[in-house]
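Some notes on the structure that comes next.
The values are calculated or read from the model by the stated rules, or taken from the named source; none is laboratory data. As the structure is a computational prediction, the values presented were derived from the model and not from experiment. Positions of Cβ are generated from backbone atoms using ideal geometry, with glycine treated the same way; all protein chains shown enter the neighbour counts. All accessible areas refer to the heavy atoms of the entire protein, side chains included, with ligands and DNA or RNA removed. Shrake-Rupley method; radii C 1.70, N 1.55, O 1.52, S 1.80 Å.
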Amino acid sequence: MKVLIFAEVYFPDVMGGGEFSTKQMTEGLVKKGHEVVVYCLGQNSCEEVINGVIIKREYIKGISEFYLSATKNNSVKNPLTSFDKLIRKWPDLYSSPKWYKKYKTIISKETPDLVHTVSPMSYLGRVNLWKAAYDLNIPVSHVCRSPTLLEVNFLGGKLNRYNIHRSVRACSYLTALAAPSKFMLGLHNNVNIKGQKFNEVIYNSVDFKKLPLSAEQIEQKENMVLYAGRLTEEKGILTLVKAVNELEGVRLLLIGRGELAERIKKENKVEVVDWMDRETLYTYMKKAKAVILPAEWDEAFGRILIEAIYNGTIGIGSDRGGIPEVLGFDEKYIFHAGDADGLCKRIERVISMSPIEYKEEIDRQQNMTSGFTDDKYAANWEKFFLQQLR
């Protein structure tokens, strides 16, 4: 089976957990004997092979910079104005002969068995891509890692209703639709955004084994809580800072970039660190008593919580999106989004645990998340694609 994947960016260019999930999927399929080709944006047009996956990067002036500016490993500046973004949104809302022809040419040249999109491709004409594959009688699918098919981050959401209308029409080209949580899949299916053959939940996973901890190792943990991701309001950062400020002797480490970075650096208990590689991030995770995902928007999954739990650190998250599914709907570790007092109480409970109590809790969380494994993830994606070929 040959799978042709279209993405905004691909590893080592990383905007968030979605790029790691895509890498796991593609490399997992390659290990199972399938051929995978990824088309994405890059600083230069080039072709390379990473762990058996063929990556074809294309430089498109303006659009490449726009997406690469949002990645953790690049310092590219975003050149697009609000007007530029509106104009470039056109291919996703209406038929574009230029983009349709471009995608049809690429797909015809690659001759894949299936086409799949792993990111919104908001300025890359995904509707024209889906139609091109459909017209070539090649199954095409999409994974919803965010509510982009529902919401438009423009004019305060005034275009959301129209965007949903266009997304519903565009989905007539899709053979199948996937999402990393029941919540995210239901959010789309409820407004009739769905695959024509089937829809599937494929939970994210981690690509390493759980780290068992002894009581002695737990004693060495610091009175620190950690967050890694974008430092923006919708991520719940201000709620997290407020919660930690109510606690004595607790430090907050924020890892990432965003519009709130400079403002938060002025807080006494907060340390802000720039993006880092995963191995270094995991080292910090192991030192922390808890990793927090305080999102105030609908997270599709909450991969950072699984990474924390597998590294031997308790995860705490808000009740938005797919986060409760990750935490097994355990109210001891789930708080109402925006409720700083509720978050404060949950952090305080974890910080005050004895090493024995902490070990019991992290063992419980690790058992609860034992199904989020690399092998299962690759098998689920293989099944998802093969099912479309029947």
### Task
Report, in whole Å, the centroid distance computed from the Cα atoms of region 111-150 and region 1-70.
14 Å
### Task
Order the following by accessible area, largest value first: Phe329, Phe6. Probe radius 1.4 Å; ligands, DNA and RNA are ignored.
Phe329, Phe6
### Query
Kirkwood Rh over Cα pairs of region 251-304 into Stokes-Einstein at 4 °C, 1.567 mPa s: D in µm²/s?
103 µm²/s
### Task
Only bridges with both residues in region 1-157 count here: give the DSSP antiparallel percent, nearest 5.
25 percent
## Note on the structure
Between Gly42 and residues 5 or more places away or on another chain, the pairs with built amide H atoms under 5 Å apart involve Glu58, Tyr59, Ile60
## Note on the structure
Projected onto their principal axes, the Cα atoms of region 205-335 stretch, largest extent first, over whole-Å spans of 37, 31, 29
### Task
Name the shape class, rounded, prolate or oblate, that the alpha-carbon gyration tensor gives for region 328-373, where a ≥ b ≥ c are the square roots of its eigenvalues, rounded holds for a/c under 1.5, and otherwise prolate holds if a/b is larger than b/c and oblate otherwise.
oblate
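Report, for the chain, the % of DSSP beta bridges that are antiparallel, rounded to 5.
In the chain, approximately 10 percent of DSSP beta bridges are antiparallel ones.
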#### Entry: Accessible carbon and sulfur surface of the chain relative to its total accessible area, %, 1.4 Å
49 percent
### Message
Looking at region 266-389, I'd like the Rg to Rh ratio, where Rg is from alpha-carbon atoms and Rh is Kirkwood's inverse mean 1/r.
### Response
1.01
## Note on the structure
Mean separation of Cα contacts under 8 Å (at least 6 apart) over the residue count of region 1-124, i.e. the relative contact order in percent, is 32 percent
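What number does region 130-229 give for Rg over Rh if you use C-alpha atoms and the Kirkwood radius?
Rg/Rh for region 130-229 comes to 1.20.
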### Query
At a Förster radius of 22 Å, what calculated FRET efficiency corresponds to the Cβ-Cβ distance of Arg161 and Thr81, to the nearest 0.05?
0.30
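Give, to the nearest whole percent, the P(r) tail of the chain beyond 40 angstrom, counting all Cα pairs.
Percentage above 40 Å: 15.
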### Task
Report, as a whole number in µm² per second, the diffusion coefficient that Stokes-Einstein gives for region 66-219 at 4 °C and 1.567 mPa s using the Kirkwood radius over alpha carbon pairs.
74 µm²/s
### Summary
When the charge dipole of region 57-106 is computed with +1 on Lys and Arg Cβ and -1 on Asp and Glu Cβ about the Cα centre, the Cα farthest towards its positive end, among Ile87, Trp99, Val76, belongs to Trp99
### Task
Take peptides 348-359, 309-320, 249-260 and line them up by average Cβ neighbours within 10 Å, highest first, as a rough protection proxy.
309-320, 249-260, 348-359
### Query
Nearest 0.05, what FRET efficiency do Arg364 and Trp297 give at R0 = 22 Å with Cβ-Cβ as r?
0.20
### Message
If you restrict to DSSP beta bridges whose two residues both lie in region 231-390, what percentage is antiparallel, to the nearest 5?
### Response
0 percent
